[in-house]
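These notes are about the structure you will find just below.
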Amino acid sequence: GLCSLPAGKLYQHAPTEASQATLASVSPVFAVMKFDKEGNTTYFEKKKTELYQELGLQARDLRFQHVMSIATRNNRIIMRMEFLKAVITPEFLLILDYRNLSLEHWLLNELASQLAGEGQLVTYSLPFEFRAIEAILQYWISKLQGRLNTLQPQILETLEALVDPKLLSVDRSKLHILLQNGKSLSELETDVKVFKETILEILDEEEVIEELCLSKWTDPQVFEESTSGIDHAEEMELLLENYYRQAEDLLNEARELRVLIDDSESIIFINLDSHRNVMMRLNLQLTMGTFSVSLFGLIGVAFGMNLESSLEEDPRIFWLVTGIMFLGSGLIWRRLLSFLGRHLDPPLPPHVPAVLKKSQPAAGRVEIKTSLKGETFGLSRSTLTN
């Protein structure tokens, strides 16, 4: 009997009850926090398969593969802001996998009152999905702003300690702190850019903005109000543009801080180069002094040889030779220092005569300009010759 069945029939009966039970037991479970229009909060755990079936979604809709995304599916808004996962309907808001310390504090203390219309949200008079979207966007932009407010004083304090021109060397611990803060600032800039691009993608699509207005399509009364005077699509666009501008301002502040870090690094390198040049110049001066003393020290070496002459019998020869040695060494050192100064110090700017009065004739001004050109040309030629 079994062999005579078609292959398709045999394939349909292949999964057993034991295998189905095994798949059901390993299916992921979401810890869900539910908020309704009145601000009531409930907690429960539900398997992923049961949850997307109740919401009328597909399994791929709750995978949350992207770091940050806002999408609509079957009159549901699916939002993810990194670790914040939310599903918005016209009647309630679901927060999935909420077990996070900072997230729980916001959920318990602020979100419920904001959704009930007791907070400072601008969209309190609009349908529920407006309040939910604004609450989530406001939470995320405030979190990004808080990260910047934490980094900014640390970076400014570290830069102030590093840019001090009195320091001959750079504190390695300060550089390590600056490196860590710079890395955190780069991560913040990336997160703000992703947030801004996510909102910009929605603003570029009018159909998506229309789909975000859930109550406009489900409640006939809301639809009549929107057609009579309140355009919910325009309200949603204004809401998204508001947070887009906030993200742009936040990104500009982060960029200004990045430019400040780059400028401070240039100042640090300039200070270090200046101190290095001073040390090199001092080393060069000492080398020239040693050369001068060694050059005239040859006279003392000549008189120190074990050779007899008539000069060593005169007591004045010792002081004469010693004086010549010191005087010659000093003169040579001074000449070398003047040579060094002429080639290292910046040249003085050319002398510019005072501006002549306007009452002078034009010919006189032409003659003065010609003479100035001649003097400048002669000065440049003399400078090149020197």
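The values are calculated or read from the model by the stated rules, or taken from the named source; none is laboratory data. Computed from a prediction, not measured in an experiment: that's the story for all the values here. Cβ coordinates were reconstructed from backbone atoms using ideal geometry, including for glycine residues, and neighbour counts include every protein chain displayed. These area figures cover heavy atoms from the full protein model, side chains too; ligands, DNA and RNA do not enter into them. Shrake-Rupley method; radii C 1.70, N 1.55, O 1.52, S 1.80 Å.
Per residue, region 27-118 exposes 49 Å² of accessible surface when a 1.4 Å probe is rolled over the protein heavy atoms with every protein chain present. Between Ser142 and Leu311, the simple spin-label model (points 7 angstrom out along Cα→Cβ) gives 9.4 nm. Our compactness index for region 27-118, the C-alpha radius of gyration over the empirical 2.2 N^0.38 Å, is 1.03. Legend: residue pairs Lys85/Lys216; Lys47/Lys85; Lys48/Lys193, Cα-Cα distance threshold 20 Å; pairs beyond threshold, Lys85/Lys216; Lys48/Lys193. Residue by residue, region 80-93 carries 3J(HN,Hα) couplings of 9, 10, 6, 7, 8, 10, 9, 10, 10, 10, x, 10, 8, 10 Hz when phi is fed to the Karplus relation 6.51 cos²θ - 1.76 cosθ + 1.60 (θ = phi - 60°); x denotes Gly or Pro.
Karplus-based coupling profile of region 313-326, in residue order and whole Hz: 7, 7, x, 7, 5, 4, 5, 5, 5, 4, x, 4, 5, 5, with θ = phi - 60° in 6.51 cos²θ - 1.76 cosθ + 1.60 and x standing for Gly or Pro.
Projected label points at Asn74 and Arg276, each 7 Å from Cα along the beta carbon direction, are separated by 6.6 nanometres.
This model, with +1 at the C-beta of Lys and Arg and -1 at the C-beta of Asp and Glu, gives region 27-118 a dipole about its Cα centre of some 480 debye. Estimated at 0.36 nm per residue, the fully extended path between Glu38 and Leu108 surpasses their Cα-Cα distance by 23.8 nm. Note on Gln180/Val293: beta-carbon distance plugged into 1/(1 + (r/R0)^6) with R0 of 51 Å gives a FRET efficiency of 0.50. Summarising the amide proton neighbourhood of Thr72: residues at separation of 5 or more, or on other chains, whose placed amide H is nearer than 5 Å comprise Ile78. First measure r as the distance between the Cβ atoms of Gln58 and Glu160, then evaluate 1/(1 + (r/R0)^6) with R0 = 56 Å and state the FRET efficiency to the nearest 0.05. The calculated FRET efficiency here is 0.55.
What is the extension gain from Ser338 to Glu197, computed as 0.36 nm multiplied by their sequence separation minus the C-alpha to C-alpha distance, in nm to one decimal? Don't skip to the answer; put the middle values down first.
Values: separation 141, 0.36 × 141 = 50.76 nm, distance 6.31 nm.
Fully extending the segment from Ser338 to Glu197 adds 44.4 nm.
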